[in-house]
Number of protein chains: 2
Amino acid sequence: MSDVARRAGVSLSTVSRALRGAPGVSPAVRAKVARAAAELSYVVSRDASSLVTGATGRVAAIVPFLRPWFFGAALAGISAELRAAGLDMLVYEVGDAEGLDSYVRALPLRRNVDAVIAVSLDLDDRETKQLDEIGVPVVYCSQRAEGRPSVFIDNAAAAAAATRFLLNLGHRRIAYVQSRDETGFSWISRHRRDGYLQAMAEAGAEAVVVTERDGPRGGAAAAARLLGAPNPPTALFAESDDVAMGALGVLRRSRVPVPEAVSVVGFDNHDVAEVLDLTTVAQPVSELGAAAARLAARLLRGGADPAEHVLLPTELVVRRSASAPRTAPGPTPEIPTDRRGRL
Amino acid sequence: MSDVARRAGVSLSTVSRALRGAPGVSPAVRAKVARAAAELSYVVSRDASSLVTGATGRVAAIVPFLRPWFFGAALAGISAELRAAGLDMLVYEVGDAEGLDSYVRALPLRRNVDAVIAVSLDLDDRETKQLDEIGVPVVYCSQRAEGRPSVFIDNAAAAAAATRFLLNLGHRRIAYVQSRDETGFSWISRHRRDGYLQAMAEAGAEAVVVTERDGPRGGAAAAARLLGAPNPPTALFAESDDVAMGALGVLRRSRVPVPEAVSVVGFDNHDVAEVLDLTTVAQPVSELGAAAARLAARLLRGGADPAEHVLLPTELVVRRSASAPRTAPGPTPEIPTDRRGRL
DNA sequence: ACTTGAAATGGCAACGTTTGCATCCATCTG
DNA sequence: CAGATGGATGCAAACGTTGCCATTTCAAGT
C-alpha cells in the first residue's frame with residue numbers, strides 16, 4: 001500500500017480511505033489513488049484489515065456432504081448473496097455427526113470467520129450449544145433452530161399435502177420411505193414423516209413406514225421390499241428425490257408400470273426429477289441458501305433480529321409418476337397396454 | 001494470545017512456539033500452554049499469522065457453476081485433501097466466461113489465498129495468462145493447461161473408446177450430442193467430440209454432430225431433432241450424462257425403447273446414471289479434485305514441478321442403455337416385445 | 001569449581017492495514 | 001479583514017501474530 005501511496009503522492013491514510021470509498025477524500029485524489037493502485041495491480045490484504053477492524057470478510061458454510069445435489073444448489077444461493085455483500089465463502093464438509101463433533105470441538109472458525117451458515121446439519125441440543133460457543137453468529141439453513149436465526153420450509157405441512165394428494169387420487173395403501181444414515185434419523189426426514197403420518201391418520205388410512213439407507217440405493221432397497229409385501233402399496237412417498245429415483249429404477253427394471261401399478265412421489269425437485277417425470281414437492285433450495293446468506297449479512301451489519309425465522313414456501317410439482325390407482329387392484333401388477341398410448 | 005501467556009505463566013513467544021508445535025519448547029511448558037489455551041478456548045488468528053508469515057492458509061477453488069453434480073463431486077475431493085493439508089477452501093462461482101473475466105480482473109485473490117484451483121474453467125490463452133497474474137500458483141483441474149500444473153483425463157481417447165464400443169456392437173449411425181453454452185464450445189466437449197470424430201472416421205462411418213444447449217434440456221432437444229431426421233441414428237453418444245438423461249427422458253416419453261430402438265451412451269457416471277441404467281464413460285471426478293488439491297499443497301511446500309501434469313484413467317461402465325442395434329433397422333422404430341423379457 | 005555449549009525462554013521489531021486526532025488550507029460569515 | 005467553519009490530508013498508535021536475537025538455565029566436560 002505504501003507503494004501506491006508513493007506513486008499517488010499521498011499518505012497511507014489517504015490511500016486507505018480512497019480505496020475503501022471512505023468519506024473525506026477529494027474526487028481528484030480518489031481517482032489518482034485508484035489509478036496508481038490499478039497500475040500496480042494492488043489489492044488490499046484482507047488479513048491486515050481484519051487485524052485492525054476485527055472483521056474477516058469471510059463466512060463459513062458448513063455442509064454435511066458436498067456431493068448431493070441439494071448442497072450444490074444451496075451453496076449456489078449462498079455464494080451469490082455473499083458475494084453481493086462483499087463476503088467470501090469458506091466451505092467445510094463435515095460429514096456425519098461425529099465429524100461435525102470433532103470439527104466443532106477444534107473451533108477452527110473461532111476468530112477466522114464473521115459468521116457461520118450451517119446447512120441442513122441436523123444438530124441436537126448439545127451440538128447447537130457447541131456451535132453457539134464459536135463466538136460468531138450462526139445461521140441455520142434448511143433447519144429450524146429455536147431462538148436462533150434460521151431459514152427453512154415447513155417439511156411436515158408439505159409432506160402432509162403430498163400425502164393428501166395421493167389420498168385424494170384414491171390411494172389408500174401409501175408407504176413412506178425414509179432413510180437412516182449412520183448417525184440416526186435426520187431432522188428433516190423426521191418432520192416429513194410426521195406430516196405423512198398425520199395426513200394418513202386424518203384419512204383413517206394405515207401408515208406404512210419403511211426405513212432403508214440413504215440415497216438411490218436405499219430407495220431401490222425399499223422398492224424391492226415393498227414389492228415383496230403381502231399386500232403391496234399402490235403408492236410410494238419418498239423422503240427425497242434421490243430415494244424416489246432409486247425406487248423408480250427398481251420399478252422400471254421390474255417392469256412395474258409407473259404410475260399405473262405404483263405411483264411415486266418424491267421431495268426436493270431435483271434437477272433430474274423433471275427428466276424422470278417424477279411428481280415431487282419442490283422446495284426453493286438455492287433460495288434457502290440465499291436467504292440464509294442475506295440473513296447472515298444483515299446480522300453482521302447489526303440490523304437483524306438474532307432469532308429471526310424465515311419460512312419459505314413449497315409447491316407440489318405434478319408430473320406423471322403419480323396418478324389415480326387402478327380401480328381393480330390385484331396383488332400381481334399387470335403390464336397395461338401402454339403401446340396404445342392410453343395413459 | 002497474551003491471555004494464554006499470562007495464564008500459563010510464560011511469554012508470548014513461547015506460547016506461539018508451543019501452539020505451533022515449533023521446536024525449542026520443553027514438554028512441560030508445551031502441555032501447560034495447551035491446557036491454558038483449551039481453558040480459554042483460544043485459537044490463533046490466522047489473519048495475524050498471515051500478516052507476518054505471508055501465507056494465508058487458504059486456497060481458492062473457482063468453479064463456473066455450483067449446481068451441476070460434477071462440481072459438487074470435484075469440490076468434495078478438493079475439500080478433503082485441503083483439509084488434510086491444513087488448508088481452508090474458499091469457493092467462488094464465477095459463471096460464464098464473462099463473469100470469470102470481470103472476476104479475474106478484480107484480482108480479489110491477489111494476496112488473499114496461497115493458491116488457486118481452477119475447476120473445468122475452459123479458458124483461452126488470454127484468460128490463462130490473466131490467471132497467471134494473480135501472483136499465486138494456479139492448478140488446473142479437469143483441464144489441461146500447457147506449462148502449468150494440471151489434472152485431467154484423456155477426453156478424446158475416452159470418447160473414442162466409447163464410440164468404438166458402439167461401432168463394435170454394430171452401430172453405424174451414431175450421433176454425437178454436444179452443448180453450446182452462451183460462451184461457445186467448451187474445451188472438454190471439444191475434445192470428446194474430436195475423439196468421437198476420429199473413431200467414426202477410422203471406421204469409415206459418417207459422423208453426425210448435433211449441438212443444443214447444455215444440460216438435460218439440450219439433450220431433450222437433441223433427441224427430438226434426431227427422431228425427426230430422415231434416417232435417424234441407432235445410437236446417441238452424449239457429451240455428458242446430464243445431456244444423455246435429457247435424451248432418455250424424451251425417448252421414454254415417446255415410447256422409443258432404449259436400447260432396442262436407440263442406444264444411449266453418456267459421459268461422467270453421474271450419481272443418477274446407475275438408476276437410469278445409463279451406459280457411460282466414468283471419470284473419477286472427486287479424485288480429479290483430490291489430485292489437484294494435493295498438487296496445490298505440494299506446490300506450496302515447494303516440492304512440486306510447477307508444470308506437472310496428472311492424467312487420470314477413465315472407464316466405460318456398461319449398463320443397459322446401449323446394446324447391439326436391431327438387425328433389420330427401419331425408419332420407423334417398432335416397439336419390441338419387451339414383455340417377454342427378451343433383452 | 002569453572003568453562004562450555006545447547007536447550008529453553010523472553011524481548012522486541014515487524015507485518016499491512018485502519019482510525020482517532022492533529023494539522024492545514026480554503027471558503028464563508030459578520 | 002479577522003475569525004469561524006469544515007473538508008482534506010497526514011501522523012502515529014494500535015491490531016495479534018511470528019521470528020530474530022539476546023538472555024537465562026542447566027548439565028556435562030574439564
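What follows draws every value from the coordinates through simple rules; no lab data is involved. Remember, it's a predicted structure, so these values are computed and weren't measured experimentally. We place every Cβ from the backbone using ideal geometry, glycine too, and count neighbours over all the protein chains shown.
Provide an ascending nm list, one decimal, of label-point separations from B:Arg253 to the equivalent residue in each further copy; define each label point as 7 Å from Cα along Cα→Cβ.
Once sorted, the set of distances for B:Arg253 reads 2.6 nm.
Is the C-alpha gyration tensor of the range B:179-259 telling us rounded, prolate or oblate? Criteria: a/c under 1.5 is rounded; beyond that, a/b larger than b/c is prolate, otherwise oblate.
Values: a/c = 1.97, a/b = 1.15, b/c = 1.72.
It is oblate, given that a/c is not under 1.5 and a/b is not larger than b/c.
Only Lys, Arg, Asp and Glu count, each charged at its Cβ (+1, +1, -1, -1), so figure out the dipole size of chain B about its Cα centre, rounded to 20 debye. Before the final figure, lay out the partial values.
On the way: 40 positive and 39 negative charges, 208 e Å.
Rounded to the nearest 20 debye, it is 1000 debye.
Starting from a label point 7 Å past Cα on the Cβ side, list the distances from A:Ala307 to the same position in the other copies, nm, shortest first.
So the label point of A:Ala307 gives 6.3 nm to the other copies.
Other chains near B:268-276: what is the mean number of their Cβ atoms within 10 Å of each residue's Cβ?
Working: counts 0, 0, 1, 8, 13, 1, 6, 17, 8.
Per residue, the number of nearby Cβ atoms from other chains is 6 on average.
For the range B:1-115, what is the convex hull volume of the alpha-carbon atoms per residue, in Å³? Please report the intermediate quantities before stating the final value.
Working: hull volume 14.3 nm³, N = 115.
Normalising the Cα hull of the range B:1-115 by residue number yields 124 Å³.
Ranked highest first by average number of other Cβ atoms within 10 Å, how do A:37-46, A:207-216 line up? Walk me through the numbers on the way to the answer.
Details: A:37-46: 16.3, A:207-216: 18.5.
Descending mean neighbour count gives A:207-216, A:37-46.
Going 7 Å from Cα along the Cα-Cβ axis for the label, what nanometre distances separate B:Glu98 from the same residue across the other copies?
Sorted ascending, the copy-to-copy spacings read 4.9 nm.
Measure nothing fancy, just the Cα-based angle from helix B:187-202's long axis to the longest principal axis of chain B, in degrees from 0 to 90, nearest 10.
40
Can you pull the semi-axes for chain A, root of five times each eigenvalue of the Cα gyration tensor, sorted largest first, whole Å? Kindly include the intermediate steps, with their values, before the conclusion.
Details: eigenvalues 529, 86, 52 Å².
Taking √(5λ) for each Cα gyration eigenvalue gives 51, 21, 16 Å.
Taking the 0 to 90 degree range and rounding to the nearest ten, how far is the long axis of helix B:241-253 tilted relative to the main principal axis of chain B, both from C-alpha atoms?
The helix B:241-253 is inclined about 40 degrees to chain B.
Calculate how steeply helix B:69-84 sits against the longest principal axis of the alpha-carbon atoms of chain B, using the helix alpha-carbon long axis, and give the answer as 0 to 90 degrees to the nearest 10.
30
Using the scaling law 2.2 N^0.38 Å as the reference, what is the normalised Cα Rg of the range B:145-201? It would help to have the intermediate numbers written out before the result.
Working: Rg = 13.1 Å, N = 57, 2.2 N^0.38 = 10.2 Å.
Dividing the Cα Rg of the range B:145-201 by 2.2 N^0.38 Å gives 1.28.
Within 10 Å of each Cβ in B:223-234, how many Cβ atoms from other chains are there, averaged over the peptide? All intermediate terms of the calculation are to be shown ahead of the outcome.
Working: counts 0, 0, 0, 0, 0, 0, 0, 0, 0, 0, 0, 0.
For this peptide, the per-residue mean of nearby foreign Cβ atoms is 0.
Averaged over peptide A:70-80, how many Cβ atoms belonging to another chain are found within 10 Å of each residue's Cβ? Present the calculation step by step, with values, prior to reporting the outcome.
On the way: counts 1, 4, 12, 4, 2, 8, 7, 2, 3, 6, 3.
Counting other chains' Cβ atoms within 10 Å and averaging over A:70-80 gives 5.
Which percent of Cα-Cα pairs in the protein assembly as shown sits in each 20 Å bin, short to long?
16, 45, 30, 8, 0
Using the C-alpha gyration tensor of the range A:2-44, what are the square roots of 5 times its eigenvalues, in whole angstrom, with the largest one first? Please list the in-between numbers first.
Working: eigenvalues 40, 19, 18 Å².
Equivalent ellipsoid semi-axes, largest first: 14, 10, 10 Å.
Taking every pair of Cα atoms in the range B:105-198, average 1/r, invert it to obtain the Kirkwood radius, and report Rg/Rh to two decimals. Walk me through the numbers on the way to the answer.
Values: Rg = 16.9 Å, Rh = 15.2 Å.
Rg/Rh: 1.11.
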